[in-house]
Structures are given as C-alpha cells and as structure tokens.
Amino acid sequence: MYLVIRCPGCKTFTYVDRYQRWRLCPMCGEAINVGKAPVYLDTDDFLDAEQVVEQLESYLHQTGKEDLTEQDIRKLRAQYAQWVKNRV
C-alpha cells in the first residue's frame, strides 16, 4: 500500500510506502514528514501511485488550480475505488 502525498515545500506530488515515516522530495530535496503530510489517496501498489501522481500533476497544470479541494479529493478516491473494483 502506498500513499499519495504532496511536498509541503515545492508542492510536488509524490508517493510513499504507508509504513515509511519520512520521504525525501524528488524535486526539491525537502525531508517530508509523512505523518504530517496530507494524504490524497491510498493505492494498492507503486505503479498505481506513479500513475496517480502523473495524472494529478497534469490535472492541476491543465486547470490552473493550486491544490485539490475536498470535493476533488473525494471524487479522486471514488474514481480510484471504482477503477480497482472494475479491474478485478
């Protein structure tokens, strides 16, 4: 299980193993305290997490938004759950 989180410094999305306590941001090098970082999604594996990170960065770039709203996050989680359910 992997958590999709966002760096508090440069706002880049990244992912981390759910039991990992710290993550070094791949963009700015900031040490991210996973316990304090907002969790956007809990994925089944790192391949899913990588795809979600790419799609979230693309979505924010296309829409011009700075961050996801609570409604966006709920929609993301529902879509991911539906996608996982349909691929089995």
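Using the structure shown, decide if residue 5 is at pLDDT 95 or above and surrounded by 11 or more Cβ atoms within 10 Å (Cβ to Cβ). It is true that residue 5 is at pLDDT 95 or above and surrounded by 11 or more Cβ atoms within 10 Å (Cβ to Cβ). Within segment 13-35, the set of residues being surrounded by 14 or more Cβ atoms within 10 Å (Cβ to Cβ), more than 9 Å from the chain's Cα centre (by Cα) and touching a residue at least 24 places away in the same chain (Cβ under 8 Å) comprises 32, 34. Scanning segment 46-88 for residues that are among the basic types (Lys, Arg) and either more than 24 Å from residue 10 (Cβ to Cβ) or surrounded by 12 or more Cβ atoms within 10 Å (Cβ to Cβ) (or both) yields 74, 75, 77, 85, 87.
For segment 36-45, which positions are among the hydroxyl-bearing types (Ser, Thr, Tyr) and either open to solvent by 80 Å² or more (accessible area, probe 1.4 Å) or farther than 13 Å from residue 6 by Cβ (or both)?
43
Which members of segment 1-26 meet the condition of being out of contact with any strand residue (DSSP E or B) (no Cβ under 8 Å at 6 or more places or on another chain) and within 19 Å of residue 58 (Cβ to Cβ)? Passing the criteria: 10, 11.
The values are calculated or read from the model by the stated rules, or taken from the named source; none is laboratory data. Values in this document were obtained by computation on a predicted structure and should not be read as measured data. Note that each Cβ is placed from the backbone with ideal geometry, even for glycine, and that neighbours are counted across all protein chains shown. Heavy atoms of the whole protein, side chains included, go into the accessibility calculation; ligands, DNA and RNA do not. Shrake-Rupley method; radii C 1.70, N 1.55, O 1.52, S 1.80 Å.
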